[in-house]
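Enquirer: Have a look at this one.
Read-outs: derived from the displayed coordinates by stated rules, not from any lab. In this text, all values refer to a predicted model and were calculated from it rather than measured experimentally. All Cβ positions, even for glycine, are placed from backbone atoms using ideal geometry, and neighbour counts span all protein chains on display.
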Amino acid sequence: YEKPLAGDLSVPQLAKLIQKTMPEDDPGTLSIEESEQVAQYVYDAFYSAIARERNQPARIELARLTVRQYQLSVADLIGSFREKPVWNNERGLKAEYFESRRPGDRRQLKESRNDPQVSFQFGTKPPIEKIRNPHEFSIRWEGSLLAPETGDYQLVVRTEHAARLWLNDNNDPLIDAWVKSGDGTEFTAELFLIGGKVYPLKLEYSKANQGVNKEQKGPAPPSSIALLWKRPHGEVELIPNRNLAPHRQPEVFVCDSPFPPDDRSYGWERGTAISKAWERATTDAAIQIGRYVTKHLDRMTSTRRGDKNRTERVKAFCRTFADRAFRRPVSDDMAAWLIERQFAEAPSVENAVKRVVLLTLKSPRFLYREVGGPDQYDVASRLSFGLWDSIPDETLLNAARDGQLKTEDQVAAQAERMMNDLRAKTKIRNFLLAWLHANSEMDIEKDTKKYPGYDQSIASDLRTSLELFLDEVVWSEKSDYRELLLSENVYLNDRLAKFYEVKDNRAGEKDFAPVKLDDGKRAGILTHPYLMAINAHESETSPIHRGVFIVRGVLGHALRPPPEAVTPLPADLHP
């Protein structure tokens, strides 16, 4: 036949079609009961999920780690040798105010507090009442920053005076404007960050009239400082309070070696494309990681050069490194080749470590999923990659070692624990954005004559609104999946409230808050302004785009090719 007997029609839909078109020589003569019987047979034989799997068995393909899984796995592998990061309900940054141009001068510390954000216009006055000299003071903000998505971030510091910013590096500042030349007031730098990770942050600010006698000082010059960012899918904005915490965190290893993109032909990322480019990328990444490990070797192994037992302790570190990378204990025979042989042949301990790291991270046991047999370590890996896109943590590996992943209740208990992790929350958000076809970077252009006030800042705010709505539905105390399609609330900040002419907006000056838009005529995710905007033209709506999105994206149905030579309706005839 020209068209195969296959599809996604239900039994009632098949019965209706059969009654209308069968038998071929005399359509419409079957009774309702006969049509239903034929429909049930056709459905069971060809249309049901079981029938489709029976007629077209799934092909088992070799699957490697996706790019995201690789980046998270190596970050967590390195991070497992550091203190565990903490992300609780406290927000903002720890701030220390000094009556000195040198931040950190404990004798001149006047006040410690938490600041929600870094956005201050001090003018010509001191920053706090306890500091009397408006000419000379300094401030230090410390804490951590949560990156909501993976990609290149632009960090921005705006100030007329001296400032420097450290992010994910406690030694070298990302932005160094401590010694200024010229009249510049905006300082930027870019940094690649992994979504769902928390990074240590420190910002120092100093105002001083150096080289001027107190008697010669005139009126204090104005001073201000703001800390902003530009997310991979956004515009420059103040770093929100929800992405800041007042606790310092350990550094995060970020693998920024370029990788070829994963296959997305099925609508989601799959690690099935294995090429020379991917092979080369994994080698380059392993070399980068080897250099990083040897640079931080003393801290990661709690040893120093010259220690009597340093070599043995480094060997123990290498074996633990391999255990965690392979998601199961390394056998003695494997350890003899992977570790002992490298230390025997390498000219130095550092060189041996580089060899071990390279061999470990190029091994199929790391790059491919669950190579070993179906045991409890396999269960641990399925859990961790399913919920985190990363390797098992120490708790999960210990549970596998102790035989605590045998029963359904034991596995469920671990899953409940793991769902509270930022990695799980990030993965679920990424899944929902992929389902909604909103996970790719796009410029939403609109006709500013028809939509006055629209710009890319509005588009960025709409995306943030969508993300906050998804987080509310999934993670709030009143979490209810039905609200995904029924909720009348849309998250708005003041800029969006002004754009949509909402008068009773409950949002603060910059924050988002849930508001009923259009008198509650909207319902759930399908009418969210961001999804409506990306499924429309610049000046007109697009029922075709929205219909295809609903059928393919939301319902998962296939669409036949459209008929040829059909003139589309003009926009003014759309309902």
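Enquirer: Out of the trypsin sites (Lys or Arg not before Pro) in segment 289-343, which ones are loop residues according to DSSP with at most 16 other C-beta atoms within 10 Å?
Expert: For trypsin sites (Lys or Arg not before Pro) across segment 289-343 that sit outside H, G, I, E and B with at most 16 neighbouring Cβ atoms in 10 Å, the list reads Arg304, Arg305, Lys308.
Enquirer: Further question: Against the longest principal axis of the chain, how steep is helix 67-79, in degrees 0 to 90 to the nearest 10, with axes from Cα atoms?
Expert: Helix 67-79 sits at roughly 40 degrees to that axis.
Enquirer: Can you give the angle from 0 to 90° between the axis of helix 32-42 and the longest principal axis of the chain, with both taken from C-alpha atoms, to the nearest 10?
Expert: Rounded to the nearest ten degrees, it is 60.
Enquirer: Using the crude model of +1 on Lys and Arg Cβ and -1 on Asp and Glu Cβ, and no other charge, please compute the dipole size for the chain relative to its Cα centre, in debye to 20.
Expert: Values: 82 positive and 86 negative charges, 539 e Å.
The calculation lands at about 2600 debye.
Enquirer: May I pose another question? Apply the a/c threshold of 1.5 to the C-alpha gyration tensor of the chain and tell me whether it is rounded, prolate or oblate. Could the numbers behind the result be given before it?
Expert: Details: a/c = 2.51, a/b = 1.27, b/c = 1.97.
Because a/c hits 1.5 or more and a/b fails to exceed b/c, the chain counts as oblate.
Enquirer: Okay, moving on. Order the peptides 464-474, 76-86 from the highest to the lowest mean number of other Cβ atoms within 10 Å of their residues.
Expert: Numbers: 464-474: 20.1, 76-86: 16.7.
Highest-to-lowest ranking by the protection proxy: 464-474, 76-86.
Enquirer: Further, regarding this structure: Round to the nearest 0.05 the FRET efficiency obtained for Ile287 and Leu486 when R0 = 51 Å and r is the Cβ-Cβ distance. Please list the in-between numbers first.
Expert: Numbers: r = 52 Å, r/R0 = 1.01.
Using R0 = 51 Å, I get an efficiency of 0.50.
Enquirer: Can you pull out the trypsin sites (Lys or Arg not before Pro) in segment 355-458 whose DSSP state is coil and whose Cβ has at most 13 other Cβ atoms within 10 Å?
Expert: Working: sites: Arg355, Lys362, Arg365, Arg369, Arg382, Arg401, Lys406, Arg417, Arg423, Lys425, Lys427, Arg429, Lys446, Lys449, Lys450; in loops: Lys362, Arg369, Lys406, Lys446, Lys449, Lys450.
Listed in order of number, the matching sites are Lys406, Lys449, Lys450.
Enquirer: Hand me the trypsin sites (Lys or Arg not before Pro) from segment 144-187 located in a DSSP loop with no more than 16 other Cβ atoms within 10 Å, in residue order please.
Expert: Lys180
Enquirer: Quick one: which of 89-98, 116-125 comes out on top by average Cβ neighbours within 10 Å, and what's the full order, highest first? Could the numbers behind the result be given before it?
Expert: On the way: 89-98: 18.4, 116-125: 16.0.
The packing order, highest mean first, is 89-98, 116-125.
Enquirer: Moving to a separate point now. I need the calculated FRET efficiency for the pair Lys503 and Arg310, taking r as the beta carbon distance and R₀ as 56 Å, to the nearest 0.05. Could the numbers behind the result be given before it?
Expert: On the way: r = 69 Å, r/R0 = 1.23.
For Lys503 and Arg310, the calculated efficiency is 0.20.
Enquirer: Something else now. Would you be so kind as to identify which of Ile50, Leu14, Gln37 lies farthest towards the positive end of the dipole of segment 11-55, taking Lys and Arg as +1 and Asp and Glu as -1 on Cβ and the Cα centre as origin?
Expert: Ile50
Enquirer: Another question, then. Whole Å is fine, so just give me how far the alpha carbon centre of segment 368-425 lies from that of segment 93-151.
Expert: 43 Å
Enquirer: Further question: Using a ≥ b ≥ c from the Cα gyration tensor of segment 376-435 (square roots of the eigenvalues), is it rounded, prolate or oblate, where a/c under 1.5 gives rounded and otherwise the larger of a/b and b/c decides, a/b for prolate? Show your work: numbers first, answer last.
Expert: Numbers: a/c = 2.35, a/b = 2.12, b/c = 1.11.
In terms of gyration-tensor shape, prolate.
Enquirer: Using the alpha-carbon atoms, what tilt in degrees (0 to 90, nearest 10) does helix 310-326 show relative to the longest principal axis of the chain?
Expert: 20 degrees
Enquirer: Based on DSSP, what percent of beta bridges with both residues in segment 109-213 are antiparallel, to the nearest 5?
Expert: Numbers: 27 of 27 bridges.
Counting only bridges with both partners in segment 109-213, antiparallel ones make up about 100 percent.
Enquirer: Show me, for segment 404-410, the HN-Hα J-couplings you get by feeding each phi into the Karplus relation (A = 6.51, B = -1.76, C = 1.60, θ = phi - 60°), rounded to Hz, glycine and proline as x.
Expert: For segment 404-410, the Karplus curve yields 9, 10, 8, 9, 4, 5, 5 Hz.
Enquirer: Calculate for the chain the 222 nm mean residue ellipticity that helices alone would give, adding -39,500 (n - 2.57) per DSSP H run of length 4 or more and normalising by residue count, nearest 500 deg cm²/dmol. Before the final figure, lay out each step's value.
Expert: Values: 20 runs with 197 residues, N = 575.
Helix-only estimate at 222 nm: -10000 deg cm²/dmol.
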